[in-house]
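The values are calculated or read from the model by the stated rules, or taken from the named source; none is laboratory data. Since we're looking at a predicted model, the values are computed, not measured. Positions of Cβ are generated from backbone atoms using ideal geometry, with glycine treated the same way; all protein chains shown enter the neighbour counts. Note: areas computed on protein heavy atoms with side chains; ligands, DNA, RNA excluded. Shrake-Rupley method; radii C 1.70, N 1.55, O 1.52, S 1.80 Å.
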Amino acid sequence: RSTLMRSSAASDVYKRQIMQLAPAFGKEATTEHLLALYLQLLQDEFPDVRLNVISKIDVVNQVIGIALLSKSLLPAICMLAEDKNWRVRLAIIKYIPLLAEQLGVEFFDEQLSNLCMTWLGDTVCAIRKAAAANLSELAAVFGTAWTTSNLVPKVLMLYTHPNYLYRLTTLAAVEGLASVVGADVIRESLLPLVVRMATDPVPNVRFNVAKTLRSLVPLVGGDVRADAIQPCLDSLQADADQDVKFYATEAIAQLASA
């Protein structure tokens, strides 16, 4: 039966049918008969099977409720956060904001918060980018106060990472958070970090600093633009690297028209 299940699950039709059984079964029957099957599929050797279960978790949640879902399936979902297949990890990341909203801030802080930060250092670029975008969605779910005390300090710690790819992720996270947290948090916490990163030894990081500064221009007041953004961009415009010069010049043009 196990071999048949896995081979059948390779088809999209079968996978959709398996995960759509919950509404037809109802809460009691789903809990008794289907949860064990879903758990088994979450641990299946084939990535496509694991991906399908993750993508349809919301269907199960609507039937049995988040409390039972988190108790029965969340441990397996958390294990998949470190799945060897990056597409499985990516699917988990995309599901996190919905899960966070339904579980609430206390449960999220205890069970999922550290995972979200771990993804920022993933070896796969697509995962790091998705993790950075995920932070802005979490900020929208839990609000500015939570973001300022829980996410911003952790993001600030990343900029000293010896791997420049992780430092680039820091800038991506800043861009995402800036659109949610407001001008005060940008001025006091995020912008100083970006300015410090303008002296990074890697040109790729420096020209991304220019791009990040450009994204911050419409989000802050004129005094912040003049006192912090403009001097930093002027310095980057004088950089020896041509790409850094280019993006700094573009950002200065954006600043002039703001």
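Out of the total accessible area of the chain (probe 1.4 Å, heavy atoms of protein only), what percent is carbon and sulfur?
Values: 6650 of 12230 Å².
Here it works out to 54 percent.
Can you give the direction-averaged projected area of the convex hull of the alpha-carbon atoms in the chain, in nm²? Provide the component values of the computation, followed by the final result.
Values: hull surface 61.0 nm².
Here the figure is 15.3 nm², rounded to one decimal.
Over the chain, average the accessible area per residue using a 1.4 Å probe and give it in Å², no decimals.
Details: 12230 Å² over 258 residues.
On a per-residue basis, 47 Å².
Multiply the residue gap between residue 43 and residue 28 by 0.36 nm, knock off their C-alpha separation, and tell me the result in nm, one decimal place. All intermediate terms of the calculation are to be shown ahead of the outcome.
Working: separation 15, 0.36 × 15 = 5.40 nm, distance 2.31 nm.
Stretched fully, the residue 43-residue 28 segment lengthens by 3.1 nm.
What is the distance in Å between the Cα centroid of the stretch 144-176 and that of the stretch 19-78?
Spelled out, the Cα-based centre of one part sits 33 Å from the other.
Scan the stretch 44-129 for GluC sites (Glu not before Pro) in coil per DSSP, keeping those whose Cβ has at most 10 other Cβ atoms within 10 Å, and list them by number. If you can, show how the numbers build up before the last one.
Working: sites: 45, 82, 101, 106, 110; in loops: 45, 82.
Here the sparse-neighbourhood loop sites are 45.
In whole Å, what are the Cα extents of the stretch 40-173 along the three principal axes, biggest one first?
42, 33, 18 Å, listed from the longest principal axis down.
Restricting to DSSP H runs of at least four residues, report the calculated mean residue ellipticity at 222 nm for the chain, -39500 (n - 2.57) per run over all residues, nearest 500 deg cm²/dmol. Walk me through the numbers on the way to the answer.
Numbers: 18 runs with 183 residues, N = 258.
When only DSSP H runs of four or more count, the value is -21000 deg cm²/dmol.
With 22 Å as the limit, write out which pairs from 154/245; 129/245; 56/84; 71/129 have Cα-Cα distances beyond it, or answer none. Working shown, then result.
Values: 154/245 30 Å; 129/245 24 Å; 56/84 20 Å; 71/129 29 Å.
Where the Cα-Cα span goes over 22 Å, the pairs concerned are 154/245; 129/245; 71/129.
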